[in-house]
Amino acid sequence: MATGPNYRRPLRRRVEGKTNYKKRLKLIRSGKLRAVIRASENHIIVQFIKSKYGGDQILVSGDSKELPKKFEWEANTGNLPASYLTGYLAGIRAKKEGIEEAILDLGIFYHRNRVYAAFKGVLDAGITIPHRDKFFPEELENRINGSHIENYAKLLKKEEPEKYQQVFSGYLDKKINPTKFTQIFENTLKIIENNE
């Protein structure tokens, strides 16, 4: 560990890999609303935040935990389709509150593809957020609706039924058909559009 008269210990959240303070300061100084996307192992949260002295104010929020409770989402809340739906949900709520634009606050992020999917959902809801044209990975568009899960399930069911039972046991125990994953996605998307 470094020592000496000029050594300054980094802030705790920086050491833990939770906050990049230089990046955060630039975002706050912009004075614009921030679209904050954070992913954990099993969930994703999208918030629209206004920076204020004394603490940030959350104007609108969307959490993947809401999908099974309010929008009939039957699958896992920690996958790409759930991330997209959470971003879309937060974006629609932001539009209702009169939010038209924001800047993206990714912080120090992991689970990149899920964060990209949530960001795509916010954009598809009609919120303007500056980004590069080639920001998203090419294969993301084809995976947002869960077609990659559906195709894999069909392949396994046809070629390796035992492995299919093992890999998709969580879905099968809940009476969810993984070979119709895109249909589950479309149903939840329609419910979000109709109810929010």
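Remarks
- Looking only at region 60-74, residues that are touching a His at 6+ places or on another chain (Cβ under 9 Å) and assigned to a loop (DSSP other than H, G, I, E, B) come to 2 in all.
- Near pairs, Cβ below 8 angstrom, 6+ apart or cross-chain, from region 156-178 (at negative phi) to any residue that is surrounded by 15 or more Cβ atoms within 10 Å (Cβ to Cβ) and of a type in the set (D, E): K174/E74; I176/E74; P178/E150
- Evaluation of A75 against (1) modelled with pLDDT under 95; (2) touching a strand residue (DSSP E or B) at 6+ places or on another chain (Cβ under 8 Å); (3) surrounded by 15 or more Cβ atoms within 10 Å (Cβ to Cβ) (one fails), failing number: (2)
- Condition check for E41 on (1) at pLDDT below 85; (2) over 18 Å from H131 (Cα atoms); (3) out of contact with any Ser or Thr (no Cβ under 8 Å at 6 or more places or on another chain): one failure, at (1).
- Scanning region 1-48 for residues that are small (G, A, S) and closer than 27 Å to K95 by Cβ turns up S30, G31, A35, A39, S40.
- Residue identified as farther than 24 Å from L140 by Cβ, polar (S, T, N, Q) and surrounded by 15 or more Cβ atoms within 10 Å (Cβ to Cβ) among S51, S30, S64: S51
- Subset of region 158-196 that is buried (at least 19 other Cβ atoms within 10 Å of the Cβ) and of a type outside the set (V, I, T) - its residue that is nearest to G87 (Cα to Cα): L189
Listed here are the residues, each with its yes/no results for (1) outside any loop (DSSP other than H, G, I, E, B); (2) in contact with a Gly (Cβ under 8 Å, 6 or more places away or on another chain); (3) among the charged types (D, E, K, R); (4) touching a residue at least 12 places away in the same chain (Cβ under 8 Å).
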{"position": "R9", "(1), (2), (3), (4)": "no, no, yes, no"}
{"position": "K18", "(1), (2), (3), (4)": "no, yes, yes, yes"}
{"position": "L25", "(1), (2), (3), (4)": "yes, no, no, no"}
{"position": "I28", "(1), (2), (3), (4)": "yes, no, no, yes"}
{"position": "I37", "(1), (2), (3), (4)": "yes, yes, no, yes"}
{"position": "E41", "(1), (2), (3), (4)": "no, yes, yes, yes"}
{"position": "I45", "(1), (2), (3), (4)": "yes, yes, no, yes"}
{"position": "G55", "(1), (2), (3), (4)": "no, no, no, no"}
{"position": "I58", "(1), (2), (3), (4)": "yes, no, no, no"}
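- Considering residues of region 78-99 that are touching a strand residue (DSSP E or B) at 6+ places or on another chain (Cβ under 6 Å) and either among the hydrophobic types (A, V, I, L, M, F, W, C) or surrounded by fewer than 24 Cβ atoms within 10 Å (Cβ to Cβ) (or both) only, the residue farthest from E16 (Cα to Cα): E97
- Test for Y110: is it touching a residue at least 40 places away in the same chain (Cβ under 8 Å), under 30 Å from K32 (Cα atoms), under 14 Å from the mean Cα position of the chain (by Cα) and not in a helix (DSSP H, G or I): yes
- Complete set of residues in region 124-157 that are within 16 Å of the chain's Cα centre (by Cα), buried (at least 19 other Cβ atoms within 10 Å of the Cβ) and aliphatic (A, V, I, L, M): A125, I127, I144
- Here K120 does not fit the description of being touching a residue at least 12 places away in the same chain (Cβ under 8 Å), surrounded by fewer than 21 Cβ atoms within 10 Å (Cβ to Cβ), in a helix (DSSP H, G or I) and touching a Phe, Trp or Tyr at 6+ places or on another chain (Cβ under 7 Å).
The values are calculated or read from the model by the stated rules, or taken from the named source; none is laboratory data. These figures come from a predicted structure and were not determined experimentally. All Cβ positions, glycine included, derive from the backbone under ideal geometry; neighbour counts span all protein chains shown.
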